1. Could you please find all residues in segment 268-278 being crowded, with 17+ Cβ neighbours inside 10 Å and either under 43 Å from the mean Cα position of the chain (by Cα) or not in a loop (DSSP other than H, G, I, E, B) (or both)?
2. So, of the residues in segment 115-152 that are within 24 Å of Thr190 (Cα to Cα) and of a type in the set (Ser, Thr, Tyr), which turns out to be nearest to the chain's Cα centre (by Cα)?
3. Right, Tyr301: under 20 Å from Leu203 (Cα atoms), touching a helix residue (DSSP H, G or I) at 6+ places or on another chain (Cβ under 6 Å), without any contact (Cβ under 8 Å) to a residue 60 or more places away in the chain and part of a loop (DSSP other than H, G, I, E, B) or not?
4. When you check Asp257 against the structure, is it surrounded by fewer than 20 Cβ atoms within 10 Å (Cβ to Cβ) and within 30 Å of Gly202 (Cα to Cα), yes or no?
5. Go through the residues of segment 182-194 one by one and say whether even a single one is assigned to a helix (DSSP H, G or I), crowded, with 19+ Cβ neighbours inside 10 Å and either without any contact (Cβ under 8 Å) to a residue 12 or more places away in the chain or of a type in the set (Val, Ile, Thr) (or both).
6. Counting only residues that are touching a Cys at 6+ places or on another chain (Cβ under 9 Å), of a type in the set (A, V, I, L, M, F, W, C) and closer than 18 Å to Gln116 by Cβ, which one in segment 162-184 is modelled with the highest pLDDT?
7. Given the conditions (1) modelled with pLDDT under 95; (2) not aromatic (Phe, Trp, Tyr); (3) not assigned by TED's automatic domain parsing to the domain that holds Gln175, and given that Gly202 satisfies all but one, which numbered condition is not satisfied?
8. Which pairs turn up if I take residues in segment 272-284 that are farther than 20 Å from Glu245 by Cα and look for partners that are surrounded by 11 or more Cβ atoms within 10 Å (Cβ to Cβ) and among the hydroxyl-bearing types (Ser, Thr, Tyr) with beta carbon separation below 8 Å, at least 6 apart in sequence or on another chain?
Amino acid sequence: MRVFLVGCLILLAVLFSGCTQPREFVCPDGRVVYDASLCQAAQNNNNDTTLGPRDQFPCPFECCEGGGGYFDKNCPTGYSCDIDLLRGVNYCKQNLEEVPVVSDECEGLSGMEKDQCYINQAVNVKKDETLCEKVSDPDIKARCYSWMATGLEKEALCEKVPIEKNDIICTSTLQVNCRDECFLYIASHTGKASLCERMSDGLAKDNCYWQVAVKNSDPSLCSKINLKSNANYSADFCYQVLANELKDITLCENVVDADAHDICLITRVRCEKITNVSICASFKTQKWKDSCQAEISSGNYLPC
């Protein structure tokens, strides 16, 4: 019985020994450790000018108090706080940028599905025209470059679009080749008149100059239009639009077609409520000249 009691007491001593709190030691520099020998180890580490992989830049205890980078501001640029719990030291760890692994999402596909995947990645996801080169079908590759050129407004990419009318590459309603359509789109959005000269189709070039002239409010570009009258993108129409936009009646004198010329003038007479009847002498057709004199004399102007 005595042996049994002694055994029980020993067992209880062992069990309760694990529940006692370990003794804490406060180092001279304020560190709290559970092994007094760590104070000296930490002090030696801070005096060591040779930095190891875990103590690249020793710092005060307050540098990393709490851990988790809460006091990163106490570290040099490019470093963040960390704690070496094993050695009981704080240090500023250098931040090493992780290079992301880029996976090719389209590589496992085939045929048309693969080409469409690359177009989507190039145009919608990564905005990266180099992905167009991975498209195998030549027409779809050209469409990829066309979309990238217009989407990013990079005229250099238009050179990779063929000079042909192809519904797969472009869906122009202007009946122009796909490369010209590419230049036309960028010119009309950026106002770069120099792109118009790079177009091969005459009508498309006229359209380009007309749109850039109106966008930039630049009448000088109207003179570059070869189509002079009776068309939406003619030089006459260009001058008419800008005469009204700039409220400049003198631009009407550049309009070649007689009827269009007089319509340009009467519009400015009505809009500006011109009272000097001498302006009516500038009209080329009797019909519009009579209208001009009647409205100015009566003071009753029709809507412009």
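The values are calculated or read from the model by the stated rules, or taken from the named source; none is laboratory data. Owing to the predicted nature of the structure, the values given are computational and were not obtained by experimental measurement. Reconstructed Cβ throughout: ideal geometry from the backbone, glycine too, with neighbour counts over all protein chains shown.
1. From segment 268-278, those crowded, with 17+ Cβ neighbours inside 10 Å are 268-270, 274; that's our starting set.
Correct list: Arg268, Val269, Arg270.
2. Thr150
3. Working: under 20 Å from Leu203 (Cα atoms): no; touching a helix residue (DSSP H, G or I) at 6+ places or on another chain (Cβ under 6 Å): yes; without any contact (Cβ under 8 Å) to a residue 60 or more places away in the chain: yes; part of a loop (DSSP other than H, G, I, E, B): yes.
No.
4. Details: surrounded by fewer than 20 Cβ atoms within 10 Å (Cβ to Cβ): yes; within 30 Å of Gly202 (Cα to Cα): yes.
So Asp257 passes the test.
5. Within segment 182-194 (the criterion being assigned to a helix (DSSP H, G or I), crowded, with 19+ Cβ neighbours inside 10 Å and either without any contact (Cβ under 8 Å) to a residue 12 or more places away in the chain or of a type in the set (Val, Ile, Thr) (or both)), the answer is yes, since at least one residue qualifies.
6. Per the criteria, the residue is Ile169.
7. (3)
8. Listed by first residue and then by second, the contacts come to Val277/Ser297.
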